[in-house]
1. Which members of the range 321-331 meet the condition of being in contact with a Lys or Arg (Cβ under 9 Å, 6 or more places away or on another chain) and touching a residue at least 24 places away in the same chain (Cβ under 8 Å)?
2. Looking at the range 523-537, which of the residues that are among the hydrophobic types (A, V, I, L, M, F, W, C) and under 16 Å from G331 (Cβ atoms) is nearest to the chain's Cα centre (by Cα)?
3. Any chance the range 486-499 includes a residue that's among the hydroxyl-bearing types (S, T, Y), crowded, with 24+ Cβ neighbours inside 10 Å, closer than 15 Å to E265 by Cα and touching a residue at least 12 places away in the same chain (Cβ under 8 Å)?
4. Among A140, A156, A126, which is the only one that is of a type in the set (G, A, S), closer than 23 Å to L80 by Cβ and touching a strand residue (DSSP E or B) at 6+ places or on another chain (Cβ under 6 Å)?
5. Just checking, which of L73, L112, L80 is out of contact with any Lys or Arg (no Cβ under 7 Å at 6 or more places or on another chain) and either under 21 Å from N535 (Cα atoms) or part of a helix (DSSP H, G or I) (or both)?
6. Can you name the condition, by its number, that G357 falls short on among (1) over 28 Å from N523 (Cβ atoms); (2) over 24 Å from the mean Cα position of the chain (by Cα); (3) in a loop (DSSP other than H, G, I, E, B)?
7. Where residues in the range 9-39 are acidic (D, E) and over 37 Å from the mean Cα position of the chain (by Cα), which of them is nearest to S75 (Cα to Cα)?
8. Please pick out the residue among D23, D40 that is of a type in the set (D, E), surrounded by 13 or more Cβ atoms within 10 Å (Cβ to Cβ) and closer than 23 Å to L96 by Cβ.
Amino acid sequence: QADLDLFWVPHNLGLWPQYTVQDHLMLVHPTLDSQPETVDRLLKEFRLLEVRDQYPGQLSQGEASRLSVARALASEAKVLVMDEPLVHVDQTHWPLYWKSIRDYCQKNNASLVFSTHQAELVLREAEHVVCLDEGRVVYAGGVNDLYYAPPSYQIATYLGPVNDLALLNHHASAIRDNREVNLVRAEQLAIAKDAQSLWEVQSASFSGSLEEVSVEHCESLATQTLYHRPVRPELQKGDRVSIRLLALLLCLLFCSGCLSDSAPELVFSQITQWSVPSEGIMIPAPRSVNVGPDDELYVLDNAGRVLVYDSSNELVRQWKMPESEVGKPEGVCFLKNGQIAVADTHYHRVIFFDQQGNVQKMLGTYGVGPGQFIYPVSVVQDPQGNIFVCEFGENNRIQKFSEQGEYLLEFGKVGTAPGEFQRPAGMVWHEGKIYVADADNNRIQVFSDEGTFLEILGTKTGGIPLYYPYDIAIDRTNEMLYIVEYGAGRVTKINLDGEILGRFGKTGMRQGEFLTPWGLTVNSKDQVFVADTGNRLIVKLIP
């Protein structure tokens, strides 16, 4: 037993057939005093406790793959080299095992070099990347540099789908905000229906977070395949569409300093994250989060489930929505009477459950009249028990109901003027006011809870630069607002006057970064929970 500078995890795992699982870890650990504790911890983290006395020939491929990585961590080497680590492991559990690897590197100030064919893994875990083509290095540099400023289309594809807009730039009218930008990622492009456009959809395939769209120019018959990240699939064959470079992308490409502002970075002492339970072979993504009176966390995911975690982040119960084939719910709220209200978005209703998941009642039908909904997305309640439901679609409004479900009033309509909405999303009630995340208008609007428009938050303090704000929450001690930005991949903290107090995060797949986050909430300890939808994680930010 001696300190090792480097430990290698080869592609064939390199396990020792004459030693048990536990022996593999004990033999490489350099410190006898801490050996039992370290070995037990790694066996638990990599789910090997039940096979600790077995030999490699008795293990499954997944168990053997986990053992090879656990052995490397037990060595406490300063440099780890891993050839496609965990490649035989169920990807449902990848985030847990990669967290152990990440924690090891941070704790021991160690370096990790690994090979993989998984672009998402590189984006989440790596800082530098070397790309090989038939054994020849074709790129070496920062991961973010390759992702956002690739030298060529072929090299760009090493980190996933990319749009080559060279053809579209010859048809400049097709691209709103057109500039000579050729290579852009899916989240940097918006494809929207536009009856006046000459580009027509030939096919559209949605895969949960990414949509592949084939379009054809009606005059030149030129064709192009594009990728974007819509909230939900809406495009169909025959639709005319325009292609828009998102404003934030242009800012990134042409003015590197334009995203920065005077706001300091929010500091959190600890960041924890976890995945929701698998659904078959799928790892679902969280979409909405809300806390109850005892800091239990209510989560909606895109498998159509309601998940309940206790204050220690342990899953204590879950249930399925009555229906979810058409679409998944987007807003959850714990009510004063102990029921849980869920905005069942694509079924045009709000469902009220008891705490065991039994349906108590439903509110709403499809339509634009009082008490009807198109796409309800969020629910909040005031201290008197009145319920506010926010919806988009043809309506773009907020309706107020009594605690018994009686329609009282409504406010808002589609538009860009003060008091109007374009895809209103999250809401929060505070001291007689409703604060609304007006997502497509990139602003927070404030109304009285009787429906009177009061202000666009931040107008008096120089404005709040936001990029698709999807949800908003307030802490319980300092009356500070937190906003999650779908487009910018960050959390912004402001006071009730609209002054920016700090920001945290950016678009990405590593810890401290978010990919198209949908929701957030704050518990009694001012801990912030984020539904990091694109990364399929629940993230807990602890002050």
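1. So in the range 321-331, the residues in contact with a Lys or Arg (Cβ under 9 Å, 6 or more places away or on another chain) come out as 321, 324, 327-331.
If the condition is that a residue be in contact with a Lys or Arg (Cβ under 9 Å, 6 or more places away or on another chain) and touching a residue at least 24 places away in the same chain (Cβ under 8 Å), then M321, G327, K328, P329, E330, G331 are the ones that fit.
2. Taking the range 523-537 first, the residues among the hydrophobic types (A, V, I, L, M, F, W, C) are 528-531, 537.
The next check asks that each one be under 16 Å from G331 (Cβ atoms); those that pass are 529-531.
Numbers: F529: 11, V530: 8, A531: 6 Å.
Checked the range 523-537; the qualifying residue nearest to the chain's Cα centre (by Cα) is A531.
3. Within the range 486-499, the first condition is being among the hydroxyl-bearing types (S, T, Y), and the residues that meet it are 486, 492.
With crowded, with 24+ Cβ neighbours inside 10 Å added as a condition, the list becomes 486, 492.
Of the ones still in play, those that are also closer than 15 Å to E265 by Cα are 492.
Narrowing the set further to residues that are touching a residue at least 12 places away in the same chain (Cβ under 8 Å) leaves 492.
The answer is yes, given that some residue of the range 486-499 is among the hydroxyl-bearing types (S, T, Y), crowded, with 24+ Cβ neighbours inside 10 Å, closer than 15 Å to E265 by Cα and touching a residue at least 12 places away in the same chain (Cβ under 8 Å).
4. Numbers: A156 fails: closer than 23 Å to L80 by Cβ; A126 fails: touching a strand residue (DSSP E or B) at 6+ places or on another chain (Cβ under 6 Å).
Unique residue meeting the criteria: A140.
5. Details: L112 fails: either under 21 Å from N535 (Cα atoms) or part of a helix (DSSP H, G or I) (or both); L80 fails: either under 21 Å from N535 (Cα atoms) or part of a helix (DSSP H, G or I) (or both).
The conditions single out L73.
6. (1)
7. Filtering the range 9-39 for residues acidic (D, E) gives 23, 33, 37.
Narrowing the set further to residues that are over 37 Å from the mean Cα position of the chain (by Cα) leaves 23, 33.
Numbers: D23: 12, D33: 14 Å.
So, considering only residues that are acidic (D, E) and over 37 Å from the mean Cα position of the chain (by Cα), the one nearest to S75 (Cα to Cα) is D23.
8. Working: D23 fails: closer than 23 Å to L96 by Cβ.
Of the residues listed, the single one that is of a type in the set (D, E), surrounded by 13 or more Cβ atoms within 10 Å (Cβ to Cβ) and closer than 23 Å to L96 by Cβ is D40.
The values are calculated or read from the model by the stated rules, or taken from the named source; none is laboratory data. All values derive from a computational prediction rather than experimental measurement. We place every Cβ from the backbone using ideal geometry, glycine too, and count neighbours over all the protein chains shown.
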